[in-house]
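Scroll down for the structure; my scribbles are underneath it.
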Amino acid sequence: MSNITGKSIATLILFVLSIIFVIHDVNFPVKLPRYGKRTIPINLTTAPILAIAILWASQCLGPAQIRDGIVGTEGVKPYNILILFFSLAYMAITLDVTGILQSAAYWVSNRGGASGWRLFTYFYIMLTLLSVLLGNDPVILSGTAFLVYYTHVVEELTDPLPWLISEFAAANTASMVLFVGNPTNVVVCEGFGVNNVAFTAYTILPFLACNLFCFFALAIQYRSSKYIPRRITPTKLDVRSVLLDPVSAWVGSILLGSCLIVIIIVSFFGVDVWKISLPFAVAKFIWDMGWGHYQYLRRRNKVKSMQDSPVLDMSSSMRSDATTRRDTVESSPDTEKTLVDNHPPSPMGLTRLERLHEHFPTFFTALPRLPFALIPFAFSQFILIEALAHQGWIQVFAGWLVRASHREIHPTIWLIGVMGVILCNIAGTNIGATILLTKVVRAAEMPPHSLRAAAISLAVASNIGAVSFTFSASLAGLLWKTILGQKGINIRQFTFAKWNVFPLLSMTTVGLAIVSAEMAVLYHGSDSLE
């Protein structure tokens, strides 16, 4: 603590304050000349940036720390992480726009039949598998809307909360399998030098244990029939009705699958993965624009040919057919009517954005779903952590870790794992917690086997830590809460925490126990990496 100064304390205080406003945003009313009363939001996007501005003005950090927070240090490259994340997010979200994920949900629902528990189990398995492949955010985007709709139309499902909480837990737990499943995984791989394939090899067993115990915990706390009814009225859903664009669904699936395979292969050669994911995302963008333009011209020419027909008034028949199709689609949540209309609406009265949406529906439907708030937030978190390091706090925290763990494997696993789960709630989402603990562990100068143990423990904690006490424990939690609010379902913070406590404790215990067992087997009597 000898290196801690007044500026160091001020930096830590501002870091904590920014986290408080991330967890609980506020709006300050101000009166501006010529504009009248306005509100200034202090939230996930603005609070870290404001903290950086104050720290810069007070000379607690400088241009070097800002640059390091963007370019990266010690192998952690923020731009790499964000390009990779957005590339994969774009491919996954545009795949969802085709209706394929909702179509899968309809198929699973039909297989569930009249058994409430069988249906609950099938949904849990489906959401888990989809989240392993696509990551948590796309599944939460699609799955949350579907479950709200489904629990509304099935009269026996009077409480949607058990289904929604279970979906959230399954999606976030499954994102630990692939290093591309969560931005925190990429931070761990970059920061600790973990090979991308090795990452999955280390996390697959903790994932299986966490996923299974999470299901048991959910089943125990929702054992009453008022939550999961024993019998429900079977609802036959038309799987094809929500598969809006089968061709794009095939193309998107092939591109995303190929991208993940190539990333795994090149990971053995030390290639930055964003150099692989970005070209695939660009290829998907070109397809979306080209296919959208082709479909638009096809619909327009079809309408024109029918209008020119002297035999009968095809336009009225056309409108009737389009209306029927729209009614079918509107029975489903959040589907995009423009993908299935037989003809584009008249451009008269449409704004430029609406005309673009008609012309390129996939891209302009996916665009607002991309988590753009992650960009300033993630860079701000990296910069604030660099400010803490500049003011000596990372070394202080590293000293505490060394004294508590003695640099031994198993104490390190449990300390980093438990602290990771806690810090997900109080360190500005799981991204902030992962960045902070990565810096601390590296500064502690652990031996190689303890360093690897800390990396895998942090990977597990940063994913299950999203299933936590605050919505802001992850960006997925904030997204989930926003979607539910738009659907008229408001879940209180206390309710969210209450239903997550038991699954979280179960997963933390079994997940870290599996990591300890793995490290005991791998490094028994050895002080070096494989």
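Could you tell me which of Leu484, Ala513, Ile456 has its Cα farthest along the dipole of segment 448-530 towards the positive end, charges placed at Cβ (Lys, Arg +1; Asp, Glu -1), taken about the Cα centre?
Leu484
How would you classify segment 52-94 from its alpha-carbon gyration tensor, with a ≥ b ≥ c the square roots of the eigenvalues: rounded for a/c under 1.5, else prolate if a/b is greater than b/c, otherwise oblate? Mind showing how you got there, number by number?
On the way: a/c = 5.95, a/b = 2.29, b/c = 2.60.
Oblate, because a/c is 1.5 or more while a/b does not exceed b/c.
At q = 0.11, 0.19, 0.22 Å⁻¹, what base-10 log of I(q)/I(0) does the Debye formula yield for segment 447-530 when every alpha carbon is treated as an equal point scatterer in vacuo?
Taken in order of the listed q values, log10 I(q)/I(0) reads -0.43, -0.83, -0.98.
Please compute the alpha carbon radius of gyration of segment 1-122, then divide it by the globular-protein estimate 2.2 N^0.38 Å. Two decimals is fine.
On the way: Rg = 23.2 Å, N = 122, 2.2 N^0.38 = 13.7 Å.
After normalising by residue count via 2.2 N^0.38 Å, the value is 1.70.
Give me the tail of P(r) for segment 430-482 as a percent: Cα-Cα pairs with distance above 13 Å. All intermediate terms of the calculation are to be shown ahead of the outcome.
Values: 829 of 1378 pairs.
Of the Cα pairs, 60 percent sit more than 13 Å apart.
Could you work out how far helix 246-266 tilts from the main Cα principal axis of the chain, as a 0 to 90 degree angle to the nearest 10?
20
May I ask for the angle, rounded to the nearest 10°, between helix 374-390 and the longest principal axis of the chain, with both axes built from Cα atoms and the value confined to 0 to 90°?
0
Suppose accessible area is computed on protein heavy atoms with a 1.4 Å probe; arrange Ile49, Ile286, Ile514 from highest to lowest. Provide the component values of the computation, followed by the final result.
Details: Ile49 80, Ile286 110, Ile514 50 Å².
Reading off the accessible areas and sorting them downward yields Ile286, Ile49, Ile514.
For Cα pairs less than 8 Å apart in space and 6+ apart in sequence, what is the mean separation divided by the residue count of segment 404-530, i.e. the relative contact order in percent? It would help to have the intermediate numbers written out before the result.
Numbers: 155 pairs, mean separation 39.4, N = 127.
Normalised by residue count, the contact order of segment 404-530 is 31 percent.
Please report how far the C-alpha centroid of segment 124-150 lies from that of segment 39-61, rounded to the nearest whole angstrom.
For segment 124-150 versus segment 39-61, the Cα centre distance is 34 Å.
Enter the angle in degrees (range 0 to 90, nearest 10) between the Cα long axis of helix 183-192 and the first principal axis of the Cα atoms of the chain, meaning the one along which they spread out most.
30
What relative contact order, as a whole-number percentage, does the chain give when Cα pairs under 8 Å and 6 or more residues apart are counted?
22
Just want the answer: with Cβ charges of +1 for Lys and Arg and -1 for Asp and Glu, which residue in Ser131, His359, Ile409 is farthest toward the dipole's positive end in the chain?
Of the options given, the answer is His359.
State whether segment 374-530 is rounded, prolate or oblate according to the following rule on the C-alpha gyration tensor (a ≥ b ≥ c being the square roots of its eigenvalues): a/c under 1.5 gives rounded; otherwise a/b larger than b/c gives prolate, and the remaining case gives oblate. Numbers along the way, then the final one.
Details: a/c = 2.61, a/b = 1.49, b/c = 1.75.
Because a/c hits 1.5 or more and a/b fails to exceed b/c, segment 374-530 counts as oblate.
Distance in nm between label sites at Arg403 and Ser258, each 7 Å beyond Cα in the beta-carbon direction?
Placing both labels 7 Å beyond Cα along the Cβ direction yields 5.7 nm.
Does segment 366-421 come out rounded, prolate or oblate, given a ≥ b ≥ c as the square roots of the eigenvalues of its C-alpha gyration tensor, rounded meaning a/c under 1.5 and, failing that, prolate meaning a/b above b/c? The partial results should precede the final answer.
Numbers: a/c = 5.59, a/b = 1.81, b/c = 3.09.
Verdict is oblate for segment 366-421.
List the relative contact order of segment 149-232 as a percent without decimals, with contacts defined as Cα pairs under 8 Å and 6+ residues apart. Don't jump to the answer; show the numbers that get you there.
Values: 57 pairs, mean separation 32.2, N = 84.
That works out to 38 percent.
How big is the Rg/Rh ratio for the chain, C-alpha atoms only, Rh by Kirkwood, two decimals? Provide the component values of the computation, followed by the final result.
Details: Rg = 24.9 Å, Rh = 24.8 Å.
Across the chain, the Cα-based Rg/Rh ratio is 1.00.
Which of the residue pairs Lys37/Lys481; Lys439/Lys481; Lys275/Lys439; Lys236/Lys487; Lys37/Lys439 have a Cα-Cα distance greater than 32 Å in the structure shown?
Values: Lys37/Lys481 28 Å; Lys439/Lys481 30 Å; Lys275/Lys439 25 Å; Lys236/Lys487 23 Å; Lys37/Lys439 43 Å.
Over 32 Å apart, Cα to Cα: Lys37/Lys439.
Please turn the phi angles of segment 279-286 into ³J(HN,Hα) values with the Karplus equation 6.51 cos²θ - 1.76 cosθ + 1.60 (θ = phi - 60°), one per residue in order, whole Hz, x for glycine and proline.
x, 5, 5, 4, 4, 5, 5, 4
Find the centroid of the Cα atoms in segment 413-441 and in segment 446-478, then give the distance between the two in whole Å.
That distance is 6 Å.
For the chain, what does the helix formula give at 222 nm: sum of -39500 (n - 2.57) over DSSP H segments with n ≥ 4, over the residue count, nearest 500 deg cm²/dmol? Please report the intermediate quantities before stating the final value.
Details: 22 runs with 367 residues, N = 530.
Value at 222 nm, helices only, nearest 500: -23000 deg cm²/dmol.
Along segment 162-177, what does the Karplus equation 6.51 cos²θ - 1.76 cosθ + 1.60 (θ = phi - 60°) give for ³J(HN,Hα), rounded to whole Hz, x for Gly and Pro?
x, 6, 6, 5, 5, 4, 4, 5, 4, 5, 6, 5, 5, 6, 7, 6
The values are calculated or read from the model by the stated rules, or taken from the named source; none is laboratory data. Note that the coordinates shown come from a computational prediction; the quantities given were computed from them, not determined experimentally. Reconstructed Cβ throughout: ideal geometry from the backbone, glycine too, with neighbour counts over all protein chains shown. Keep in mind that these areas ignore ligands, DNA and RNA; they rest on the heavy atoms of the full protein, side chains included. Shrake-Rupley method; radii C 1.70, N 1.55, O 1.52, S 1.80 Å.
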